[in-house]
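The values are calculated or read from the model by the stated rules, or taken from the named source; none is laboratory data. Please read these numbers as outputs of a predicted model, since none were measured by experiment. The accessibility values were calculated without ligands, DNA or RNA, using every heavy atom of the protein model including side chains. Shrake-Rupley method; radii C 1.70, N 1.55, O 1.52, S 1.80 Å.
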Amino acid sequence: MSAIGSLIFCTDCGNLLHESTGDPNTILVCDVCGARNRVPQTIISESKPNAFPSALRSKRSAVQTLTAEDKKTEAIAQHTCAKCGRKEMFFTTAQLRSADEGSTVFYRCVCGYKETVNN
């Protein structure tokens, strides 16, 4: 008898045998040729996560490698700070409302003042 994965085949005719209970003393009888086959010793194998590469797994790992520092996309704009009067402020935008609405602009000054404008 031979086994491929969890499938067990008759050594005489190659017929697929009925599944085993896992008991090594079990004798499986072939329905086609009547040969008596002993269940092979159970072999447990493990594979590493990278053994089967996939596009989905690579995309997931790329997303997981982003840090908070990578997501910072502040730029400088000519916008006057209402608190200290500085002429330049950092800004970033986000689409918080529906797609047909304007984006929200978040301004931040070096003095700590923050301002939000809905476009």
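Report, by residue number, each residue of region 82-102 that is part of a loop (DSSP other than H, G, I, E, B) and among the aliphatic types (A, V, I, L, M). Let's see the steps before the verdict.
Residues of region 82-102 that are part of a loop (DSSP other than H, G, I, E, B), as a first pass: 82-87, 95-102.
If the condition is that a residue be part of a loop (DSSP other than H, G, I, E, B) and among the aliphatic types (A, V, I, L, M), then A82, L96, A99 are the ones that fit.
Looking only at region 29-49, count how many residues are on the phi < 0 side of the Ramachandran plot and at pLDDT 85 or above.
Filtering region 29-49 down to residues on the phi < 0 side of the Ramachandran plot leaves 29-33, 35-49.
Those still in the list that are at pLDDT 85 or above too: 29-33, 35-36.
Total meeting the criteria: 7.
Would you check if L66 is within 29 Å of the chain's Cα centre (by Cα), closer than 30 Å to G112 by Cα and at pLDDT below 85? Break it down into steps so the answer makes sense when it comes.
Details: within 29 Å of the chain's Cα centre (by Cα): yes; closer than 30 Å to G112 by Cα: yes; at pLDDT below 85: yes.
Judged against the criteria, L66 is a match.
Among the residues of region 1-28, count how many are at pLDDT 80 or above, open to solvent by 80 Å² or more (accessible area, probe 1.4 Å) and among the aliphatic types (A, V, I, L, M).
Going through region 1-28 one residue at a time, the tally reaches 1.
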